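Read the structure below first, then the notes.
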Amino acid sequence: MLKIKDAINTIVSNNAFLEDALLHSYLNISSFSEFIKPQIELLTKKEVTTSSIKMALSRISIQNRKKKQYRLQADTFFLRKNITVLTINKNPVGHLFVHKIYESVEKFPDEYIAVIEWKNEIDIVFSSGLSDIINTIIPDDKIKIQIADAALIGTSLSKEAIYNPWLFYTVSKKLFFFGINILQVISTYREIGIIVNSQDTKRAFEIITN
């Protein structure tokens, strides 16, 4: 049988938004206590009062403020302007386009390109120096959408970062707060690239790197 505090931690600890809300005190404790009361009773297997939940939440909130807030632990950051995001269908023809593109861009090692495949679509993210090559290979009628004049903010993370549930929440929360639209996210084990509109480049870079 769990104590009230342990039951609350079970609910909150797996939700980065709730942890952040308690940390910065922008959660209405009274309303939230009423909301989670049925869950607390289920976990503790007994009837509890809203005031007891509220008291426990207040204590947890104070404890959380003493914790160090998570920051993006990156080894390096880089910025690429004049980026284009192009989407085509994922099929044999689309794969043929990608193969031809890779063959052609080997001569331009200083240019940037990334190919992201999902179930039905392929996204090709590339710098402006490759525009003529790629637009020559892929006919207009095969392009589902093309967003030009974007920017890519990339970072190389510490090995531990991938195990932190706050990682993507921390980055997206900061950008959303300033009304910055994320066009695309590219990620591997230790690298993340966030694509934004060109007019948001300066502000987005400052937000992510600070």
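Points to keep in mind about this one:
- Neighbours by Cβ (under 9 Å, 6+ apart or cross-chain): first from segment 169-184, surrounded by 14 or more Cβ atoms within 10 Å (Cβ to Cβ); second hydroxyl-bearing (S, T, Y) and assigned to a helix (DSSP H, G or I): I182/S172
- When S104 is tested against the conditions (1) in contact with a strand residue (DSSP E or B) (Cβ under 6 Å, 6 or more places away or on another chain); (2) outside any strand (DSSP E or B); (3) of a type in the set (S, T, N, Q), the lone failure is (1).
- Qualifying residues in segment 119-133 (those that are outside any strand (DSSP E or B) and farther than 27 Å from F205 by Cα) - the one nearest to the chain's Cα centre (by Cα): K119
- Hits in segment 11-48 (condition: hydroxyl-bearing (S, T, Y) and more than 12 Å from I60 (Cα to Cα)): Y26, S30, S31, S33, T44
- Filtered residues of segment 1-50 (kept if outside any helix (DSSP H, G or I), over 25 Å from K174 (Cα atoms) and at pLDDT 85 or above): K3, K45, K46, E47, V48, T49
- Subset of segment 135-192 [polar (S, T, N, Q) and not in a strand (DSSP E or B)]: N135, T136, S158, N164, T170, S172, N181, T188
- Count - residues of segment 151-168 that are touching a helix residue (DSSP H, G or I) at 6+ places or on another chain (Cβ under 6 Å) and surrounded by 14 or more Cβ atoms within 10 Å (Cβ to Cβ): 5
- Residue count, segment 191-206 (criterion: surrounded by fewer than 17 Cβ atoms within 10 Å (Cβ to Cβ) and without any contact (Cβ under 8 Å) to a residue 60 or more places away in the chain): 6
- Qualifying residue in segment 80-96 (condition: within 30 Å of D132 (Cβ to Cβ), modelled with pLDDT under 95 and surrounded by fewer than 15 Cβ atoms within 10 Å (Cβ to Cβ)): yes
The values are calculated or read from the model by the stated rules, or taken from the named source; none is laboratory data. These numbers come from a predicted model, not from an experiment. A quick note on method: Cβ atoms are made from the backbone with ideal geometry, for glycine too, and the neighbour counts reach across all protein chains shown.
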